[in-house]
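Please read the structure below before turning to the comments.
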Amino acid sequence: MTDSKTNNRVKIFDTTLRDGQQCPGAGMSFERNLEYARLACELRVDVLEAGFPSASQLDFEIVYTIAKEITHASYKPVIAALCQMREQQVIRTIESLAPLTSLKLARLHVYLPVDPQLMPASLGELANNKSQLIADLHKLVKLAVDAGCEVEFSPEGYSRMHENFDFTTDLIRAAVEAGATIINCPDTIGGACEIEGSEYFVENMKKHAQIIKKEFPKHEITWSVHCHNDFGLAVQNTINAVFNGPARQIEGCINGVGERAGNAALEQCIMLIKQFGSQANTKEPFYTTIATEKLQAISDFVNKYMLPRQPHGPVTCDNAAKHSSGGHTNAILKNPLAYQPFDPKDVGKEVTFLFGPMSGSNHAKSIIESFDYLCTEDEKAKIAQYIKDYYSQRRKGITDKELLHAYFEYRKPIKIEGIDYEQKNNQGKITLHGQFFENHGTIEQDFFEPNSGLTAVKNMLEKKLGDLQILHQENRSEIVNAYPSNSVRMIIIDNDKRQFEGTGEDEDITIASIYALIDAANHAYIERHFSAHQLNKI
Ligand code: KIV
Ligand code: ZN
């Protein structure tokens with residue numbers, strides 16, 4: 001019900017479970033329907049349309065069980081259930097809402113087509129008997145009202161009613177006279193557009209609201225809007241019906257799921273009202289009482305269990321608060337609203353950054369520092385360039401972990417380009433090619449015991465890094481394309497008793513373990529010299 005004090009409150013009617021699940025591929029199990037209803041309560045929707053109970057036994061049980069759960073929920077929305085204008089369906093729908101009638105939270109939502117194209121296709125011969133349709137509507141609305149339900153009436157195809165304006169007035173009149181308190185005006189086919197001028201459905205809503213107000217001055221009627229997205233205008237049309245029309249209830253689905261191109265995306269409508277409600281040409285701002293910070297969670301649920309959400313959409317989509325390009329991330333790191341129309345926290349979302357080819361050095365620095373490693377102002381450009389070159393083929397960006405991996409590659413003091421290893425009788429020689437701390441070239445080390453190439457390298461490393469102890473080594477050998485392949489995972493302990501892991505691969509098991517040892521030693525060195533956490537302890 002609307003009263004004059006709350007006249008600018010816009011009620012949110014969530015039909016994700018009903019219109020949303022009518023969308024091919026979006027249906028959910030019984031249990032998931034209940035889970036969704038709980039999330040909708042956390043979001044504090046005003047009305048939750050729980051389904052179409054006369055469609056099947058399972059649909060009935062979904063609506064009935066949700067209605068029953070609501071009786072002991074801490075937040076209690078109105079529960080709506082849809083039916084056609086048929087007596088058996090109306091009775092079944094009243095039964096499904098029975099747990100809530102005494103609490104006055106049961107809403108029967110009945111619809112009847114008024115679109116001249118839709119009427120014969122949907123009603124057959126009955127389409128020609130308009131006075132019968134009006135009388136039936138009056139009778140069935142009264143039946144539901146007398147059973148303790150509030151009643152919402154939807155003239156289906158309202159935005160295309162054309163010559164049926166007066167017939168639609170008669171239907172609305174009959175519904176209101178019989179006790180309906182909510183009149184919902186759907187753009188069922190999603191074809192409405194402001195360019196239609198006086199034919200635009202919002203103009204007709206204004207006319208109907210005036211007629212009904214004049215004829216039923218004592219009735220508090222809530223005007224509602226319900227738009228489909230066939231031209232991508234569902235949200236715009238919905239908002240127009242509020243800001244330029246009489247609608248104080250908006251219907252839609254989370255993530256805009258729904259028949260064909262979908263319904264109006266509720267999260268977009270809610271955030272638009274929050275952002276622009278005070279700019280309306282009204283005395284008081286428009287507002288909803290939605291817990292907007294819960295939008296992300298419910299949107300994620302729909303994405304997971306109903307239909308996948310596209311990445312680059314508004315409000316709750318993955319990229320809505322994700323930034324990659326250098327200029328944007330730079331500005332956002334200084335002021336989070338520099339490139340966001342509202343604070344993503346308002347919808348339960350965090351700003352995130354994805355490092356990619358267009359990203360800059362401040363971005364790299366911030367990720368590296370978020371992992372607690374050093375990246376000074378002087379070296380940030382060089383490090384960022386190294387990371388980009390390291391992943392030069394990764395045009396779609398890299399994860400923060402991958403970025404850290406490249407940072408380690410940049411920092412590591414030993415970069416091996418090849419290992420030669422000879423052993424005869426009890427002695428041998430190991431030669432490392434590449435970068436070994438400040439020297440680039442080759443380093444050789446002789447050894448005089450069998451199988452002690454690994455020990456020889458360990459001795460070389462200890463001269464630079466202090467004592468290292470091999471705590472654990474795991475070898476895995478397999479044949480790949482007729483060649484042996486060995487992989488080694490090793491854990492070492494340094495002077496400070498900290499453990500580091502390294503991995504290595506080669507045809508030769510000794511060389512694979514040398515690679516693993518060097519990898520672990522590099523980690524130990526980076527930790528000691530470039531971990532902010534470690535340096536703070538010194
Ligand atoms: O789109 C539509 O017209 C509907 C009605 C049943 C409200 O979903
Ligand atoms: Zn619909």
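The values are calculated or read from the model by the stated rules, or taken from the named source; none is laboratory data. Predicted model, so just to flag it, every value in this text is computed and none were measured. Counting neighbours? That spans all protein chains shown, and the Cβs are built from the backbone with ideal geometry, glycine included. Please note that ligands, DNA and RNA were not included when accessible areas were found on the heavy atoms of the full protein model with its side chains. Shrake-Rupley method; radii C 1.70, N 1.55, O 1.52, S 1.80 Å.
Per Stokes-Einstein, at 20 °C and 1.002 mPa s, what whole-number D in µm² s⁻¹ belongs to the chain, with the Kirkwood radius over Cα pairs as the hydrodynamic radius?
Here the translational diffusion coefficient equals 77 µm²/s.
What share of all Cα pairs of the stretch 485-529, in percent, falls into each consecutive 5 Å distance bin?
Bin by bin from 0 Å, the calculated values are 6, 28, 28, 18, 12, 7, 2.
Find how much the distance from E449 to E417 grows on full extension, using 0.36 nm per residue of separation minus their present alpha carbon separation; answer in nm with one decimal.
My answer for the length gained is 9.0 nm.
What's the extension gain from S198 to N495 if we count 0.36 nm per residue and subtract their Cα-Cα distance?
Taking 0.36 nm per residue and subtracting the Cα distance, the gain is 98.7 nm.
I want to check the label-to-label distance for K207 and Q427. Put each point 7 Å from Cα in the C-beta direction and report it in nm to one decimal.
10.7 nm
So which helices of the chain fit the span-like rule, where a helix is a whole DSSP H run, its Cα atoms reach 30 Å or more along the axis, and its mean Kyte-Doolittle is at least -1.0?
Length and hydropathy pass: 509-530.
In whole Å, what are the extents of the stretch 91-135 along the principal axes defined by its C-alpha atoms, from largest to smallest?
39, 18, 15
So if I restrict to the alpha-carbon atoms in the stretch 11-280, what is the Rg, and what is Dmax, the biggest pairwise distance, in Å?
Calculated on Cα positions, Rg and Dmax stand at 17.2, 49 Å.
How big is the C-alpha Rg of the stretch 243-365 next to the rule-of-thumb value 2.2 N^0.38 Å, as a ratio?
Against the empirical 2.2 N^0.38 Å value, I get 1.20 for the stretch 243-365.
Where in the stretch 48-140 are there chymotrypsin sites (Phe, Trp or Tyr not before Pro) that are in a DSSP coil and have at most 13 other Cβ atoms within 10 angstrom of their Cβ?
Y75
To the nearest 0.05, how large is the calculated FRET efficiency for E350 and K401 if R₀ is 22 Å and r is the Cβ-Cβ distance?
Plugging the Cβ-Cβ distance into 1/(1 + (r/R0)^6) gives 0.80.
How much of the DSSP beta bridge set in the chain is antiparallel, as a percent to the nearest 5?
Counting only bridges with both partners in the chain, antiparallel ones make up about 50 percent.
List every residue whose amide H lies under 5 Å from the amide H of L112, counting only residues 5 or more places away in sequence or on a different chain, with H placed 1.01 Å from N in the peptide plane.
Here S154, E156 satisfy the definition.
Please work out how much accessible surface D519 shows to a 1.4 Å probe, ignoring ligands, DNA and RNA, in Å² rounded to 10.
Its accessible surface works out to 40 Å², give or take rounding.
At 1.4 Å probe size, with every protein chain present, just tell me what the per residue accessible area of the chain comes to in Å².
On a per-residue basis, 47 Å².
Trypsin sites (Lys or Arg not before Pro) within the stretch 243-295: which are DSSP loop residues with at most 10 other Cβ atoms inside 10 Å?
Passing sites in the stretch 243-295 are K283.
Determine which aspartates and glutamates satisfy two conditions relative to K388: a Cα distance under 20 Å, and not lying fewer than 8 residues away in the same chain.
E369, E377, D378, E379, D400, E402, E409
For the stretch 16-28, in order, what is each residue's ³J(HN,Hα) by Karplus, 6.51 cos²θ - 1.76 cosθ + 1.60 with θ = phi - 60°, in whole Hz (x at glycine and Pro)?
4, 6, 9, 5, x, 6, 6, 6, x, x, 9, x, 10
In the chain, once you exclude exposed GluC sites (Glu not before Pro) (DSSP loop, at most 12 other Cβ within 10 angstrom), what's the longest stretch remaining?
Result, exposed sites excluded: 1-219.
Any idea what the alpha-carbon Rg over 2.2 N^0.38 Å comes to for the stretch 334-436?
Dividing the Cα radius of gyration by 2.2 N^0.38 Å gives 1.56.
When Rg is the radius of gyration of the Cα atoms in the stretch 104-237 and Rh is its Kirkwood radius, what does Rg/Rh come to?
0.96
Could you rank D136, D446 by how accessible they are, 1.4 Å probe, largest area first?
Largest accessible area first, the list is D446, D136.
At a 1.4 Å probe, what is the % contribution of carbon and sulfur to the accessible area of the stretch 11-280?
Heavy-atom surface of the stretch 11-280 belonging to carbon and sulfur, 1.4 Å probe: 51 percent.
Loop-only trypsin sites (Lys or Arg not before Pro) in the stretch 57-110, please: DSSP not H, G, I, E or B, and at most 16 other Cβ atoms within 10 Å.
R86, K104
Can you tell me how much longer the chain between K139 and E293 gets when fully stretched, taken as 0.36 nm per residue apart minus their C-alpha distance, in nm with one decimal?
In short, 51.2 nm is gained.
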